[in-house]
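What follows is a short report on a single structure.
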Amino acid sequence: MNKLKNILTACAIAVAGSVGAAGPAELLAHADDMTWLLPGVPYPTENAPTPERVELGKKLFFDPRLSADNSVSCATCHNPVLGWADGRATAKSIQGKDLQRASPTIVNAAFNSIQMWDGRKKSLEDQAMGPMESMVEMAMNLNRLFAWLKSDADYAAAFAAAYPGEAIDDKTVSKAIASFERTVISNNSPFDRWLRGDANAMSASQIRGFRLFTDENKGNCAVCHQAPNFTDNGFHNLGLPSYGAPEPDVGRYAIKPIAVLKGAFKTPTLREVARTAPYFHDGSAKSLMEVVEHYNKGGVVRKDISPEMRELGLSQQEMQDIVAFMQALTSPQINLALPELPY
Amino acid sequence: MLNKYLAFPLAFCALVSSALAANHVVEQKGKAFSVKSLNVKVGDSVEFVNADPFNHNVFSLSDIKTFDLGSYPQGQSKKVVFDKAGQAEVECAIHPDMILKVEVSE
Ligand SMILES: [Cu+2]
């Protein structure tokens, strides 16, 4: 028993010693790390958020009656308890139809300057009607939808309070949903608290992981997952195995036929990423470690691969540190009161 | 036959116009073009210098000029000659936030 105690004490001293060797300065955030602190949430001038708009948007986001057979809401695929994604490799929708791509999180989508894996939508307002119209997602007849929203006294009142003098149509429905989405923000993770000066918010491994993440000669992750929202709002082909298929998903290239965009997809945010496995647009990586292993190999299919992809030569410990860092990007769950749906 | 007689005057014209034409240098830095808009004359060239530690692309699908310079890393540059008057929107396909308007006048 005593022997065990001695060993434990020795271990504690060794751990303390190794932390000490790194020096307390290395555990603190530097001035130039502050670029990672998120600014205030941007919004278009014609749709400034108000409590009424956010509340209406929340109702619409969670209401399955926005789909053809009352079975699917936005929250079906962007589920708050699954990091606002769906935990599936690729999305499944109305009547069990399979979608080709994974549901991305909508956390911090408010900061994106371009939406969707292939960037086919510009803003949250632009995006919101898409799923309702899409036959494979919610398959809703929009005329029927607006007629129903107008005929429902509670919804009519909520629209009047949120957008006085404006019609109940695609514009106000999408503005309300976008206003709600702008409240789904992750900016209080251990990483954020560490940046704000709490030296103990991240473990030593997580801090090492952050340095490896940004080091051009190591992880080189921040070249694409840039500050502050871990995205360059750009498009890259990572050489995923699925790109080797006979007729692969060409991603952004189908929207903009420029050669560098063949098989390129949008760089997603990594905030809340620990909650949203599996990973990549095709759901092909089961864990964060599998993702990092993919990067360490420099990708699999070399055809059309981004010039930023190369073999990294990271050790097992370094890969674990990067994974640990990504786990420090999870904020406490936002306190979400259930919306009161009109009935 | 015709080609032979045309070749010299064409080459001569090209020489004269290239002597008169200016080269405008635009940097790609911090995921943006160093200027948002640029006024050039027909025949002028614009040289895009990548000053970022990652690759950029340069392309345009405008009526007066369609080109795709591919992607290239820090320190390298590529040139495009604007040979028709009008407006061109120059973009980076990798980073769609990067947009440059080029006004080409006679
Ligand atoms: Cu670029």
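Structure data summary
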{"item": "Selection within segment B:76-89 - within 16 Å of B:Glu27 (Cα to Cα), without any contact (Cβ under 8 Å) to a residue 40 or more places away in the chain and away from the ligand (no atom under 15 Å from the Cβ)", "result": "B:Val80"}
{"item": "Hey, A:Arg302 within 14 Å of chain B (Cβ to nearest Cβ) and either crowded, with 17+ Cβ neighbours inside 10 Å or more than 23 Å from the chain's Cα centre (by Cα) (or both) or not", "result": "no"}
{"item": "Subset of segment A:260-295 (residues that are in contact with a helix residue (DSSP H, G or I) (Cβ under 8 Å, 6 or more places away or on another chain) and within 14 Å of chain B (Cβ to nearest Cβ))", "result": "A:Leu261, A:Lys262, A:Gly263, A:Ala264, A:Phe265, A:Lys266"}
{"item": "Lone qualifier among A:Asp126, A:Asp169 - being open to solvent by 20 Å² or more (accessible area, probe 1.4 Å), within 22 Å of the chain's Cα centre (by Cα), outside the structural domain of A:Met34 (by TED's automatic domain parsing) and of a type outside the set (Gly, Ala, Ser)", "result": "A:Asp126"}
{"item": "From A:Asn233, A:Asn229, residue being within 16 Å of the ligand (Cβ to nearest atom) and either within 14 Å of another protein chain (Cβ to nearest Cβ) or in a helix (DSSP H, G or I) (or both)", "result": "A:Asn233"}
{"item": "So B:Asp68, is it loosely packed, with under 14 Cβ neighbours inside 10 Å, within 11 Å of chain A (Cβ to nearest Cβ) and within 16 Å of the ligand (Cβ to nearest atom)", "result": "no"}
{"item": "Residue identified as touching a helix residue (DSSP H, G or I) at 6+ places or on another chain (Cβ under 7 Å) and within 14 Å of chain A (Cβ to nearest Cβ) among B:Asn57, B:Asn50", "result": "B:Asn57"}
{"item": "Some residue of segment A:205-223 being at positive phi, without any contact (Cβ under 8 Å) to a residue 60 or more places away in the chain and away from chain B (no Cβ under 14 Å)", "result": "no"}
{"item": "Identity of the residue in segment B:33-61, over 21 Å from A:Gly234 (Cα atoms) and small (Gly, Ala, Ser), that ends up nearest to the ligand (Cβ to nearest atom)", "result": "B:Ser37"}
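The values are calculated or read from the model by the stated rules, or taken from the named source; none is laboratory data. All of these numbers come straight from a predicted model, not from anything done at the bench. Using ideal geometry, Cβ is built from the backbone for each residue, glycine included, and neighbour counts are taken over all protein chains shown. Surface areas here come from the heavy atoms of the whole protein model, side chains and all, with no ligands, DNA or RNA. Shrake-Rupley method; radii C 1.70, N 1.55, O 1.52, S 1.80 Å.
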